[in-house]
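Notes for the one structure printed next.
The values are calculated or read from the model by the stated rules, or taken from the named source; none is laboratory data. Predicted, not measured: the structure shown is a model, and the values here were computed from it. Don't worry about glycine lacking a Cβ; one is built from the backbone with ideal geometry, like all the others, and counts go over all protein chains shown. Heavy atoms of the whole protein, side chains included, go into the accessibility calculation; ligands, DNA and RNA do not. Shrake-Rupley method; radii C 1.70, N 1.55, O 1.52, S 1.80 Å.
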Amino acid sequence: VGEQALLKCSFKSSSPITESLLVDWTYRPHSGGGMETVFHYQSIPHPTTAGRFRDRISWVGNVANGDASIAIHSPELSDNGTFICSVKNPPDV
């Protein structure tokens, strides 16, 4: 709590990395409930503009190196839950 939390995500692709590469981070609260998109990357980072993580997530990845990591600033105990990183690099998923 209070310190930046790094959420690491690494990937490998048999296809060259192009501007078609998509990264989506989703979140489901530990207490249950629906999935919430918290971050999207396609060519450039697109942090969420709504919800509990608005203005608290930054891109720290480097897709050229197979890294799709993000950081959460000022995490709170209520942020506890499951974070899922999904990478699609057509035709690879």
Within segment 51-80, track down each residue that is under 25 Å from ASP92 (Cα atoms), among the polar types (S, T, N, Q) and not in a strand (DSSP E or B).
ASN65, SER69
Looking for whichever is modelled with pLDDT under 95, surrounded by 11 or more Cβ atoms within 10 Å (Cβ to Cβ), in contact with a Leu (Cβ under 9 Å, 6 or more places away or on another chain) and hydroxyl-bearing (Ser, Thr, Tyr) here; the options are SER43, SER20, SER74. Which one fits?
SER43
Could you list all residues from segment 6-43 that are part of a strand (DSSP E or B) and either small (Gly, Ala, Ser) or closer than 15 Å to VAL63 by Cβ (or both)?
SER10, LEU22, VAL23, ASP24, TRP25, PHE39, HIS40, TYR41, GLN42
Somewhere in segment 14-22, is a residue small (Gly, Ala, Ser) and under 18 Å from GLU76 (Cα atoms)?
no
Pairs needed: first member in segment 30-50, within 29 Å of THR18 (Cβ to Cβ); second member anywhere, assigned to a loop (DSSP other than H, G, I, E, B) and charged (D, E, K, R); C-beta distance under 7 Å; at least 6 residues apart or different chains.
SER43/GLU19; THR48/ARG54
Scan segment 31-40 residue by residue and report those that are under 19 Å from GLU3 (Cβ atoms) and either open to solvent by 70 Å² or more (accessible area, probe 1.4 Å) or among the charged types (D, E, K, R) (or both).
none
Reported set for segment 49-69 where residues are on the phi < 0 side of the Ramachandran plot and either open to solvent by 70 Å² or more (accessible area, probe 1.4 Å) or more than 10 Å from the chain's Cα centre (by Cα) (or both) is THR49, ALA50, ARG52, PHE53, ARG54, ARG56, ASN62, VAL63, ALA64, ASN65, ASP67
Being on the phi < 0 side of the Ramachandran plot and at pLDDT below 95: is that true of GLY34 here?
yes
